[in-house]
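Some notes on the structure that comes next.
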Amino acid sequence: MKAIPTKLKQCFIIEPSVFIDSRGYFFESFNQKTFNELIGQKVDFVQDNESYSTKGVLRGLHFQKEEWAQAKLVRVVKGCVLDVAVDIRKDSPTYGDYLSVELSDDNKKQLFIPRGFAHGFVVLSDTAIFSYKCDNYYNKASEGGIIYNDTTLNIDWKLPFDKLIISEKDSILPTFETL
């Protein structure tokens, strides 16, 4: 397993070692000790989540505020998504920058997103099963978000806006400028 630093400080692409033979494949998707050593910090995950979505479903951009902020380790079990992390740490040199990474069951890449980031993804395949670990418990009262089509961020979601499937809640999120 290796951790590849990204342009966003403390955000890493995780590439597992995959062993393939005539039977299929095997890989260790998570090992707490190895993970903490690779990213150079201690992260204790306390909650796992999974979603199933169809092509064009866009979930995000979401974050948890203050003491409920969450670091996440995300991956795709089945299908392909474009995963997006936005740095919303006002004291960060990459504040307002975003990273997009294609995660799929083929490439088996994972993305570690530290606390202080908004996160979202759009499904590029017919269907996708998306899995993520969080280092803090979800708290509804601490939800925050940024509208997916924010003109300041100008995220390329790789699909036309008229092909996106957005929840009512996500379609009325505030802009980045109003954070």
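The values are calculated or read from the model by the stated rules, or taken from the named source; none is laboratory data. Just so we're clear, the structure is a prediction, and the values are computed from it rather than from any experiment. Note that we place each Cβ from the backbone using ideal geometry, even for glycine, and neighbour counts take in every protein chain shown.
For the stretch 9-59, give me each residue that is touching a strand residue (DSSP E or B) at 6+ places or on another chain (Cβ under 6 Å), buried (at least 17 other Cβ atoms within 10 Å of the Cβ) and of a type in the set (Phe, Trp, Tyr).
12, 45
Suppose the filter is closer than 19 Å to residue 122 by Cβ and in contact with an Asp or Glu (Cβ under 7 Å, 6 or more places away or on another chain); does residue 82 pass it?
Yes, satisfied.
Can you pull out the strands (runs of 3 or more DSSP E) entirely within the stretch 76-179 that have at least 2 residues that are over 28 Å from residue 41 (Cα atoms) and in contact (Cβ under 8 Å) with a residue 60 or more places away in the chain?
117-123, 127-134
Could you list all residues from the stretch 98-111 that are buried (at least 23 other Cβ atoms within 10 Å of the Cβ) and among the hydrophobic types (A, V, I, L, M, F, W, C)?
Selection gives 103, 111.
Taking the stretch 117-133 only, how many residues are surrounded by fewer than 20 Cβ atoms within 10 Å (Cβ to Cβ) and within 14 Å of the chain's Cα centre (by Cα)?
Qualifying residue count, the stretch 117-133: 2.
Hey, among the residues in the stretch 146-172 that are of a type outside the set (Val, Ile, Thr) and within 18 Å of residue 51 (Cα to Cα), which one's surrounded by the fewest Cβ atoms within 10 Å (Cβ to Cβ)?
168
Of everything in the stretch 71-97, what is closer than 22 Å to residue 38 by Cα, surrounded by 18 or more Cβ atoms within 10 Å (Cβ to Cβ) and over 11 Å from the mean Cα position of the chain (by Cα)? Give them in sequence order.
87 - this is the single residue of the stretch 71-97 that is closer than 22 Å to residue 38 by Cα, surrounded by 18 or more Cβ atoms within 10 Å (Cβ to Cβ) and over 11 Å from the mean Cα position of the chain (by Cα).
Just checking, does the stretch 47-59 include any residue being among the charged types (D, E, K, R), in contact with an Asp or Glu (Cβ under 8 Å, 6 or more places away or on another chain) and in a loop (DSSP other than H, G, I, E, B)?
Within the stretch 47-59 (the criterion being among the charged types (D, E, K, R), in contact with an Asp or Glu (Cβ under 8 Å, 6 or more places away or on another chain) and in a loop (DSSP other than H, G, I, E, B)), the answer is yes, since at least one residue qualifies.
Of the residues 35, 19, which is of a type outside the set (Ser, Thr, Tyr), modelled with pLDDT of 95 or more, part of a strand (DSSP E or B) and over 16 Å from the mean Cα position of the chain (by Cα)?
Selected residue: 19, the only one of 35, 19 that is of a type outside the set (Ser, Thr, Tyr), modelled with pLDDT of 95 or more, part of a strand (DSSP E or B) and over 16 Å from the mean Cα position of the chain (by Cα).
Sort through 100, 53 and tell me the only one that's more than 18 Å from residue 145 (Cα to Cα) and hydroxyl-bearing (Ser, Thr, Tyr).
53
How many of the residues in the stretch 75-90 are over 17 Å from residue 144 (Cβ atoms) and among the charged types (D, E, K, R)?
3
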